[in-house]
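Notes to accompany the following structure.
The values are calculated or read from the model by the stated rules, or taken from the named source; none is laboratory data. Note that the structure is predicted; figures quoted are calculated from it, not measured. Methodologically, a virtual Cβ is constructed for each residue, glycine included, from the backbone with ideal geometry; neighbour enumeration extends over all protein chains shown. Surface areas here come from the heavy atoms of the whole protein model, side chains and all, with no ligands, DNA or RNA. Shrake-Rupley method; radii C 1.70, N 1.55, O 1.52, S 1.80 Å.
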Amino acid sequence: MKILFCVSEAVPLAKTGGLADVGGALPAALAAVGCDVRVVLPRYRSISERGWRPVGTVDVSSGGEAVSGTILDGTMPETAVPTWLVDQPKYFDRSGLYGEAGRDYPDNLARFGFFCRAVLAWVGRQSWKPDLIHCNDWQTALIPPLIRAERAERTPTLLTIHNLAYQGLFPAQEFALTGLPASFFTMAGLEFWGQVNVLKGGLVFADTLTSVSETYAREIQTAEFGAGLDGVLRDRARDLWGILNGVDYRVWDPSHDPLIPAQYSAGDLTGKRICKEHLQREFGLYERPDIPIVGMVTRLVDQKGLDLVEAAVEDLFAFGVQLVVLGAGDARYEQVLGELPRRYPKRAGIRIGFDNALAHRIEAGADLFLMPSRYEPSGLNQLYSLRYGTVPVVRHTGGLADSIVDTTPDTLAAGTANGFVFVAYDAPAMLQALRRALEAFRTPHTWRRVQKTGMAADFSWTASARKYHALYDRTLAQSVRG
Ligand code: ADP
Ligand code: GLC
């Protein structure tokens, strides 16, 4: 089965968050379960020249202007999945992917509208014809309506929702940039309270929809999590599925991670102690093995529950922990967190910025990993933490709910306890879970048990790739019948 996988970021070429981890790993996992996969993404500034060869051009008329793109052919570094890049320097040779300094680029509809149309124009001319096009998030969500508008031979589509809060909303006057006929700008199409909603177009017109955990796939059909699109999703409930993300253990496994100071595995945690010492030294914290380190690696946005951390900060330090945070995003959170080392010297280590190697060192060196998300479609860091023996403390939502089992006498006895979970979105509930986690930390046999259960868990991509494969089959079977 030939699958064209369209995505706006993929490790190691370009990354802002978990979507890139998926874009890098899922196509390779699909290839391993028998799909003939090609990836296509924009050629950003972060992607070096080496290894890419121009193979043709495409012309797209965008808002009355002719824009042409060059298609570069190559393979994904490391996984060797065949990949096309759409090169158009005016749109993609910039320092950010979607914006800079916390602001979206004002021409994002022109940029990703161009990308989607260039992809379709290009594949239309190739002998390699996809049986199905797999789109991801709003940046590629114009593809299903564009295919529907073409009328001719229709390639089936599947759209994965990684985060319903990012919808690609633009003023109505920009609708022409979608390349769609005006008849698509209605309530039954991309119109949304007078604006253009690109994601909505994908939700309405893709043959199959998925989201990145079963719980989030249910949650987004409710007003609380639906971000205004829950009605559209309820209408499509029969075609909407949840498939939890996986982990690329080639990249995220302490037994062979080259980015951490010492390797280790469940059988021998000596290396983890070295990683912790190293992390304490790196951040100028008290170098004491008995002080628990709470780690966070996250985009600094409302989704991630940073207001709870802010509200709980005094109590948190009163527990006697050290806090190490790596993140970038909203200026407000950057400032609040940035002040902590001065208020809590030798106990708070904060790094504002994006730093992949440091993300690995925190996963390895911390004792607990905190994810108090307001919502979390899948979440990858809790899965990475499990493998690194860094016990997750998470809120019960989305993919966190589907992967982390709270530690209680029953789950401990059953051998399923792998973290600490709280339900209410408030600081006292979070602190209560942290308090239980710290009690366990001070009870070595309990702690080791929880750690080992997490380290032994297998969240590799294969299981998810098989589920996608089955959904591709189902989608194709339906399109033949339809
Ligand atoms: P989201 O996609 O919502 O940001 P995920 O948990 O799915 O959340 O994935 C986040 C990914 O981005 C992880 O691989 C994490 O390590 C990485 N990440 C987030 N912020 C940073 C940062 N400041 N520096 C390095 N890596 C980061
Ligand atoms: C989004 C979500 C995150 C998910 C990632 C990859 O950014 O916020 O939960 O893991 O996409 O699917």
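Of the heavy-atom accessible surface of segment 270-458 (probe 1.4 angstrom), what whole percent is carbon and sulfur?
52
Computed FRET efficiency, Cβ-Cβ of ALA152 and ASP253, R0 41 Å: what is it to the nearest 0.05?
Rounded to the nearest 0.05, the efficiency is 0.35.
Probe radius 1.4 Å, ligands and nucleic acids left out: which of ARG342, ARG125, ARG288, ARG387 has the largest accessible area, and how do the rest follow?
So the residues, ranked largest to smallest area, are ARG342, ARG125, ARG288, ARG387.
5 Å is the cut-off here: which amide hydrogens, built 1.01 Å from N in the peptide plane, fall below it relative to THR75, excluding neighbours closer than 5 in sequence?
Result for THR75 returns THR83.
Send over a whole-number figure in Å² for the accessible area per residue of segment 270-458, probe 1.4 Å.
I get 38 Å² per residue for segment 270-458.
ALA357 versus ARG281, label points 7 Å from Cα toward the beta carbon: distance in nm?
Result for the modelled spin labels: 1.5 nm.
Round to a whole number: what % of the accessible area of segment 172-251 belongs to carbon and sulfur, probe 1.4 Å?
C and S atoms contribute 58 percent here.
Under 8 Å for C-alpha pairs, at least 6 residues apart: give me the relative contact order for the chain, rounded to a whole percent.
Relative contact order here is 12 percent.
From zero outward in steps of 20 Å, how is the percent of C-alpha pairs of the chain spread across the bins?
Values per bin, smallest distances first: 24, 55, 21, 1.
Using a 1.4 Å probe and ignoring any ligands, DNA or RNA, find the accessible area of ARG273 and quote it in Å² to the nearest 10.
140
Using a cut-off of 26 Å between alpha-carbon atoms, which lysines can reach LYS346, once sequence neighbours fewer than 8 places away in the same chain are excluded?
Excluding near neighbours in sequence, the set is LYS272, LYS276, LYS304.
P(r) tail for segment 270-458, what percent of Cα pairs lie past 28 Å?
Taking all Cα-Cα pairs of segment 270-458, the fraction more than 28 Å apart is 15 percent.
For segment 270-458, what relative contact order do you get, as a whole percent, if you take Cα pairs closer than 8 Å and at least 6 residues apart?
Computed value for segment 270-458: 21 percent relative contact order.
Keeping all protein chains in the complex and leaving out DNA, RNA and ligands, what accessible area do you get for ASP36 with a 1.4 Å probe, in Å² to the nearest 10?
70
Could you sort MET187, MET1 by accessible area so the largest value comes first, with the probe set to 1.4 Å?
MET187, MET1
Not counting ligands, DNA or RNA, and with a 1.4 Å probe, what is SER255's accessible surface area in Å² rounded to the nearest 10?
Around 60 Å² of this residue is reachable by solvent.
Given segment 150-229 reduced to its alpha-carbon atoms as identical point scatterers, what log10 I(q)/I(0) does the Debye formula return at q = 0.12, 0.16, 0.24 Å⁻¹?
The Cα Debye sum returns log10 ratios of -0.37, -0.65, -1.21.
Under the definition of Cα pairs under 8 Å and six or more residues apart, what whole-number percent is the relative contact order of segment 240-316?
12
Cβ under 14 Å from TYR44's Cβ, TYR44 left aside: what net charge do those residues give with Lys, Arg +1 and Asp, Glu -1?
That works out to +1.
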